[in-house]
Amino acid sequence: MADMTVNCTALEDGSLIGPKQVYESIYHWNTAVYVILALHAIPLWIISSMIISKLKSTCESELRVPLLFVTLVPPTLLIFFSIGIIIPSTGPFIQLLGDMTICIGMVEFVLLTTRLAGGSKILVQRCTDSKTGLPIAAPPFVCLAVVKQPIVTLRKLNIIQLLPVTLIFLKSALLIIKIFESATYEPGEEPLSVIARYLSIPIGLVGVYTYTIYLILVAQVMKESPTRTLGFVLLGFFVLSDATELFFLFLKGTKMLTCVPPSLPLSSVEHLLKNCIKGFLTFAAGMPYLKICSGKINVFQM
């Protein structure tokens, strides 16, 4: 049996934690996770490969590239989460890579639906014809529901379409900082990471807010297209990532999460569990998501 009296702090030495170390701490329980993960991941990878191979016949050429990126989101996330489960010490990098994948999918979804509508000008025209205003009361700023919705103009729409791109730059910057700190690892808190996390809050909030505005707008003026549902699933993936982070902060703060001697430090236990949760939820949402991606998609004609 593992010695449960080991100090958890002593395990946080920055060393690689892989299958061997996981087995030393939890034995064959993790083997069961590997088997179940494979039974979920392999079918999703096969289905996504089949859908990608048929893109030429299911959508027009101008939609093909953004739809490809959107389709790749669930299988790519499962690849990253699988690596995080097998090698838990890669967890901090996997988390940021997963977030970057979701953000790229969100930006490509904006491009896909804009082209699907026939361009930004036609999208604005549809808003005008249906008397649809700019939904500024989108979460998290629901308090703006008392304010009259502004008219949708081409300039406002372009700003809303552009701002979610900041999420990609934000996650890329955080990943570079994390790589830099891992190369110069020292036990203890990393001040640069703390500053970066605080600075990322307002930037991330603006990016998600404008993306949500765009989602609601598209849902109102493109009701005939099931493709709009993909955007909400991508937003769900992003919110899930942030919610999981907050949940595990709570678990660590209340001491309900701990290390598993002799080989699993607290950080590896945290990321192992995070990736298990995200991996299986990605499969659950990914299958209906891919079903929508496999349908015929044509550019809207005025």
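Loop-located trypsin sites (Lys or Arg not before Pro) in region 193-235 (DSSP state not H, G, I, E or B) with no more than 13 neighbouring Cβ atoms inside 10 Å: K223. Peptide packing: for 62-74, 201-213, the average count of neighbouring Cβ atoms within 10 Å per residue gives the ranking 62-74, 201-213, highest mean first. Contact order for the chain, expressed relative to its length and based on alpha carbon pairs under 8 Å spaced 6+ residues apart, stands at 35 percent. Legend: distances between Cα atoms for K171/K296; K171/K252; K274/K296; pairs beyond 29 Å are K171/K296; K274/K296. Entry note, region 161-302: relative contact order of 22 percent, from Cα contacts under 8 Å with a spacing of 6+ residues.
Express the carbon and sulfur contribution to the solvent-accessible surface of the chain as a percent, rounded to the nearest whole number, probe 1.4 angstrom.
That fraction is 72 percent.
Only helical runs count toward this figure. For the chain, summing -39,500 (n - 2.57) over DSSP H runs of n ≥ 4 and dividing by all residues gives -24000 deg cm²/dmol at 222 nm.
Specify whether the C-alpha gyration tensor of the chain places it in the rounded, prolate or oblate class, a ≥ b ≥ c being the square roots of the eigenvalues: rounded for a/c under 1.5, otherwise prolate if a/b is larger than b/c and oblate if not. Prolate, because a/c is 1.5 or more and a/b exceeds b/c.
Helix 228-253 versus the longest principal axis of the chain: what is the Cα-based angle in degrees, 0 to 90, to the nearest 10? Taking Cα atoms only, the helix is inclined about 30 degrees. Below 28 Å, Cα to Cα, which lysines can K131 reach? Residues fewer than 8 away in the same chain don't count. Within the straight-line limit of under 28 Å, K131 reaches these lysines: K121, K148, K156, K223.
For the chain, the solvent-accessible area with a 1.4 angstrom probe is 51 square angstrom per residue. Computed from Cα atoms, the angle from the helix 29-53 axis to the main principal axis of the chain rounds to 30 degrees.
Checking the a/c ratio against 1.5 first, then a/b against b/c, what shape does the Cα gyration tensor give for region 77-119?
prolate
The protection proxy used here, the mean number of other Cβ atoms lying within 10 Å of each residue, ranks peptides 237-244, 136-143 as follows, highest first: 237-244, 136-143. Towards the positive end of the charge dipole of the chain, with charges on Cβ (+1 Lys, Arg; -1 Asp, Glu), say which of S268, I104, F247 has the farthest Cα. Working it through, the farthest residue towards the positive pole turns out to be I104. Counting only cysteine Cβ atoms and a cutoff under 4.7 Å, the chain contains unmatched residues C59, C103, C127, C143, C276, C293. Accessible surface ranking for M287, M100, M50, 1.4 angstrom probe, highest first: M50, M287, M100.
Taking the C-alpha atoms only, the angle from helix 91-116 to the longest principal axis of the chain is near 10 degrees.
The values are calculated or read from the model by the stated rules, or taken from the named source; none is laboratory data. Model, not experiment: these values are computed from the prediction. Because the Cβ atoms are built from the backbone with ideal geometry, glycine has one as well, and the counts that use them run over all protein chains shown. Calculation scope for accessible area: heavy atoms of the full protein, side chains included, ligands and nucleic acids excluded. Shrake-Rupley method; radii C 1.70, N 1.55, O 1.52, S 1.80 Å.
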